[in-house]
Structures are given as C-alpha cells and as structure tokens.
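Structure, as structure tokens:
The values are calculated or read from the model by the stated rules, or taken from the named source; none is laboratory data. Note that this is a predicted model, so its numbers are computed, not measured. Neighbour counts run over all protein chains shown; Cβ positions are idealised from the backbone, glycine included.
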Amino acid sequence: MQFNLVADVLRMAWFQRRQELGLIFHSDRGSQYCSHAFQQALVEYHMRFETIRQAMDEVIDWLMFYNQGKLHSTLGYISPMHFEQYWSAATAEGCRIMSTLSGTEYRGKVRLRK
C-alpha cells in the first residue's frame, strides 16, 4: 500500500466526517502511516493526540464503553461485562447444585471431599 492511497482515505474521512473536536484515525503501524508526510497530514487535520495521557484516556473510555455498554449479538444482545456476570452466577449455581447432589464441595476449580 502506498502513501498516496492512505492519504486519500484520510482526506475522504476528514471531509465526510469531520467534527469540531477532530477525528481519531486508527491504523496499523505500516510504513505508509509512519511516513513524515502522513504524520503531517494528521497534524493538519487535528487527528492526533497531543499527549500520551489524552491517548490513554480515550483508550480507557473506549474499553469502558465496549465492555459495559456495547451490545453484542453473539452474546444475546448484552454487554461483555453483563455476559460474564450472568455466566459466573450460572456457573456458581451449577457448582452448588452439583456439590449438593454428589456430596462434594467445590472451591474454585479445587474439589474437596466431605
């Protein structure tokens, strides 16, 4: 992939979706994205974080949204966090029922004989 192709994509993204606060452009670390010309275009379009702290804050915000708020069709249209909570509760209940029926006590993955 050459620089001019990714520069065209950047320009199209900017003109179609620009916002007052700027945009975030996600890419891999390919040489065309690391080139001086492309980095300068990001600066001109205000599409770079000014500090590492700003970048970290955005990543944390995205992870919080993704894990707590984003609904996933493969999880029955619930968030990953809610899915994990339901799964943990169901697993704990299943272990409690099994230990009652078998006379065996389970703690985590360790099985203790009564």
Inset, instruction - Output the number of the condition that Gln19 fails; it satisfies all remaining conditions of (1) modelled with pLDDT under 85; (2) in contact with a helix residue (DSSP H, G or I) (Cβ under 7 Å, 6 or more places away or on another chain). - result: (2)
Legend entry - Odd one out for His46, checked against (1) modelled with pLDDT under 80; (2) under 30 Å from the mean Cα position of the chain (by Cα); (3) in a helix (DSSP H, G or I): (3)
Inset, instruction - Scan the range 60-93 for residues that are among the β-branched types (Val, Ile, Thr) and surrounded by 11 or more Cβ atoms within 10 Å (Cβ to Cβ) and jot them down. - result: Ile78
Inset, instruction - Answer yes or no: is there a residue in the range 43-52 that is in contact with a Ser or Thr (Cβ under 7 Å, 6 or more places away or on another chain) and surrounded by 14 or more Cβ atoms within 10 Å (Cβ to Cβ). - result: no
